[in-house]
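Asker: Below is the structure I would like to discuss, written out as structure tokens.
The values are calculated or read from the model by the stated rules, or taken from the named source; none is laboratory data. Worth saying up front: this structure is predicted, and the values here are computed from it rather than measured. Because the Cβ atoms are built from the backbone with ideal geometry, glycine has one as well, and the counts that use them run over all protein chains shown. Calculation scope for accessible area: heavy atoms of the full protein, side chains included, ligands and nucleic acids excluded. Shrake-Rupley method; radii C 1.70, N 1.55, O 1.52, S 1.80 Å.
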Amino acid sequence: MRAMDSSCSESGSGFYFSSKLKADAPKTPEERKAFVENILRPLDLSDDDYHTVMQSMLDQMERGLGAATNDTAPIKMYPTYVRAVPDGTESGEFLALDLGGTNFRVLLVTLKGQEVKMDSKIFLIPQHIMLGSGKHLFDHIAECIYRFVKEHNLMERKLPLGFTFSFPCRQKGLARAMLTTWTKGFKCEGVEGHDIVALLHEAITRRGDLNVECLAVINDTVGALMSCAHTDRKCAVGIILGTGSNACYIEKLEKVEMAEGNEPGPPEMLINTEWGAFGDDGSLDFITTDFDRQVDKHSINAGKQRYEKFISGMYMGEIVRLALEKLRKNGLLFGGEGSYHMATRGRFYTKYVSEVESDDTDSFPMTKQIFQELEIETVTDQDCRLVRHVCALVSRRAAFLSSAGVACILNKMKRPEVTVAVDGSLYRFHPHFHDLMMEKTRVLAPGIRYKFMLSEDGSGKGAALVAAVANRILAEQKAKGNPETSSAV
Ligand code: ADP
Ligand code: MG
């Protein structure tokens with residue numbers, strides 16, 4: 001069905017949005033081409049733009065590291081108190097928790113040299129708990145640990161636990177992490193500003209039937225880095241390209257002015273950059289398109305996480321949808337025909353971008369299937385080519401902006417050779433993200449040898465590795481007659 005007015009009308013198979021064709025829609029092929037280019041040009045950035053982005057990110061990172069400037073710095077550069085990557089001798093059985101990704105998981109990780117065995121179970125966190133009280137959330141987590149431990153016949157053992165908690169935290173030690181702010185749909189009362197390890201231990205104590213001690217809290221970026229470093233000692237950067245985006249890297253201890261305490265250990269510390277917030281002071285406005293502005297405006301955290309919104313899986317599909325809708329409304333796509341789905345925010349999933357870009361360019365079977373699902377009735381090969389072009393532009397910009405972030409860190413670290421651990425479904429499943437990042441990082445970080453390494457289950461393995469090292473140090477200190485928990489791994 002095609003309607004030429006601007007109303008929403010109902011047909012047998014559901015709602016169809018009007019084509020709302022603009023009166024001045026271009027007619028000739030040349031006019032159409034110029035019009036398309038005009039609409040899409042802002043998505044195409046130059047190397048000069050990427051260099052400006054890098055310079056600005058570097059400034060904000062330096063401000064985040066400095067004690068006098070951290071307060072007003074958009075990139076917070078949180079100290080993690082993780083001081084060393086694993087040396088491969090870690091061994092034993094550890095529990096790990098992974099909260100803050102798509103699923104909540106409890107894991108049993110067995111480390112024995114390079115051998116890592118993992119057994120995990122996904123538990124649901126119902127919406128009413130995600131939005132309820134902190135006490136309920138941690139009681140629920142403790143209940144899940146109990147069920148897991150019981151199922152695995154581990155009740156008689158005292159198990160060290162590593163907690164991958166992927167929300168921004170200001171840490172005061174390895175096992176002291178104050179939640180700064182909830183993100184990703186969580187909003188539990190009484191947790192922001194509080195130590196999540198203390199809240200977990202209180203819940204465990206309330207039950208009285210669990211023999212578990214949380215020795216470390218880490219973020220998923222740190223998990224990715226640690227888990228890759230277990231097999232590759234050159235790994236010094238970890239990035240996430242999933243629902244959100246973030247990075248961590250190894251910094252010289254003397255630069256980490258925000259870290260408290262003065263524990264003995266290597267002169268380095270992992271920094272959780274929380275780079276998603278880069279640009280929250282307006283410094284990325286010069287590359288922000290109308291599509292990005294709309295995505296931001298309608299998000300639950302408008303004005304926040306601006307860099308993340310250019311890059312990550314939660315937003316990329318929506319940027320594409322907005323660009324397609326603009327083309328469509330100008331009569332440049334689908335003959336101007338819209339649909340209820342294409343007019344619905346968030347309905348063009350980021351996985352579609354991967355599918356469109358993986359499609360066979362002779363007949364576009366997957367692209368046509370997607371638009372069939374989205375109830376667009378007539379999709380020509382020319383439409384498919386244009387949709388593919390839009391997807392490629394948006395994902396190329398995302399991959400290149402991620403490269404600018406990686407290159408900024410590589411140039412700052414000045415190591416001649418670095419492995420970058422990467423986790424997240426966007427990087428994992430997009431057909432070209434890896435190649436695009438390789439290509440642009442070469443341009444933006446010349447002279448540095450680097451490679452990207454997919455982190456396999458970093459959130460579980462990484463948390464266990466950090467807990468393992470903390471446990472070893474604790475045992476050493478107890479042997480020396482000093483029972484204090486060390487904050488330095
Ligand atoms: P999380 O970041 O929550 O831990 P993931 O790493 O699995 O989880 O990332 C989930 C995000 O990845 C989703 O927001 C989704 O947009 C994106 N995603 C899922 N599948 C694909 C895909 N095939 N191609 C590109 N992005 C994808
Ligand atoms: Mg994850």
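Asker: If one computes the Cα centroid of region 178-218 and of region 24-99, what distance in Å separates the two points?
Answerer: Each part reduced to its Cα centre gives a spacing of 28 Å.
Asker: Pulled fully out, how much extra length does the chain show between E257 and D44, if you take 0.36 nm times their separation in residues and subtract their Cα-Cα distance? Walk me through the numbers before you get to the answer.
Answerer: Working: separation 213, 0.36 × 213 = 76.68 nm, distance 3.78 nm.
So the extension gain works out to 72.9 nm.
Asker: In nm, to one decimal, how far is the modelled label at K172 from the one at F286, with both set 7 Å along Cα→Cβ?
Answerer: With each label point 7 Å from Cα toward Cβ, the separation is 4.1 nm.
Asker: State which entries of K172/K297; K121/K368; K412/K440 exceed 27 angstrom in Cα-Cα distance in the structure shown.
Answerer: From K172/K297; K121/K368; K412/K440, over 27 Å: K172/K297; K121/K368.
Asker: Can you pull the one-decimal nm distance between simple spin-label points at K414 and Q477, each 7 Å off the Cα toward Cβ?
Answerer: 3.3
Asker: So what is the relative contact order for region 85-138, in percent, with contacts set as C-alpha pairs under 8 Å and at least six apart?
Answerer: With pairs under 8 Å counted, the relative contact order is 27 percent.
Asker: Fully extended, how many nm does the chain gain between D209 and I300 (0.36 nm per residue separation, minus their Cα-Cα distance)?
Answerer: 28.9 nm
Asker: While we're here: May I ask you to give the solvent-accessible area per residue for the chain, in square angstrom, as obtained with a 1.4 angstrom probe? Don't jump to the answer; show the numbers that get you there.
Answerer: Working: 20820 Å² over 489 residues.
On a per-residue basis, the chain sits at 43 Å².
Asker: Here's something else I'd like to know. Compute the distance in nm between two label points, each set 7 Å from the Cα along the Cα-to-Cβ direction, one at H152 and one at Q127.
Answerer: Simple spin-label model gives 3.2 nm for this pair.
Asker: Need one number for region 105-257: average projected area of the convex hull over its C-alpha atoms, nm².
Answerer: Working: hull surface 40.3 nm².
Mean orientational projected area (region 105-257, Cα hull): 10.1 nm².
Asker: Could you give the DSSP H helices of the chain that reach 30 angstrom or more along their long axis (alpha carbon positions) and whose average Kyte-Doolittle hydropathy is no lower than 1.0? Don't skip to the answer; put the middle values down first.
Answerer: Details: long enough: 381-413 (47 Å, 0.48); 458-479 (31 Å, 0.38).
Once both thresholds are applied, nothing remains.
Asker: Another question about this same structure. Can you compute the helix-only [θ] at 222 nm over the chain? Use -39500 (n - 2.57) per DSSP H run of at least 4 residues, normalise by all residues, nearest 500 deg cm²/dmol.
Answerer: Numbers: 15 runs with 196 residues, N = 489.
Calculated at 222 nm, the ellipticity per residue is -12500 deg cm²/dmol.
Asker: Under Stokes-Einstein, with the Kirkwood radius over Cα pairs standing in for Rh, what whole-number D in µm²/s applies to region 183-274 at 20 °C and 1.002 mPa s?
Answerer: 135
Asker: Moving to a separate point now. Let me check against my output: what whole-number percent is the relative contact order of the chain, with C-alpha pairs under 8 Å and at least 6 apart?
Answerer: Answer for the chain is 21 percent.
Asker: May I ask you to derive the relative contact order of region 326-376, considering only C-alpha pairs under 8 Å and at least 6 residues apart, and to give it as an integer percent?
Answerer: Rounded, it is 36 percent for region 326-376.
Asker: What FRET efficiency comes out for A34 versus D59 if R0 is 30 angstrom and r is the Cβ-Cβ distance? Round to the nearest 0.05.
Answerer: On the way: r = 38 Å, r/R0 = 1.26.
With a Förster radius of 30 Å, E is 0.20.
Asker: Follow-up question, since we're still on this one. Calculate, for E192 and D435, the FRET efficiency according to 1/(1 + (r/R0)^6) with r their C-beta to C-beta distance and R0 51 Å; round to the nearest 0.05.
Answerer: 0.80
Asker: Moving on to the next point. Counting only protein heavy atoms, what percent of the accessible surface of the chain is carbon or sulfur at a 1.4 Å probe? All intermediate terms of the calculation are to be shown ahead of the outcome.
Answerer: Values: 10550 of 20820 Å².
The value for the chain is 51 percent carbon and sulfur by accessible area.
Asker: Still on this structure, please answer the following. For a quick size check, give me the Cα extents of region 134-185 along its three principal axes, largest first, whole Å.
Answerer: 36, 25, 17
Asker: I've got another one for you. Given a Förster distance of 30 Å, report the FRET efficiency between Q372 and R345 from their Cβ-Cβ distance, rounded to the nearest 0.05.
Answerer: Working from the Cβ atoms, E equals 0.90.
Asker: Continuing with this model, one more query. What Rg and what Dmax come out for the chain when only alpha-carbon atoms are used, in angstroms?
Answerer: Cα-based Rg and Dmax for the chain come out at 24.3, 84 Å.
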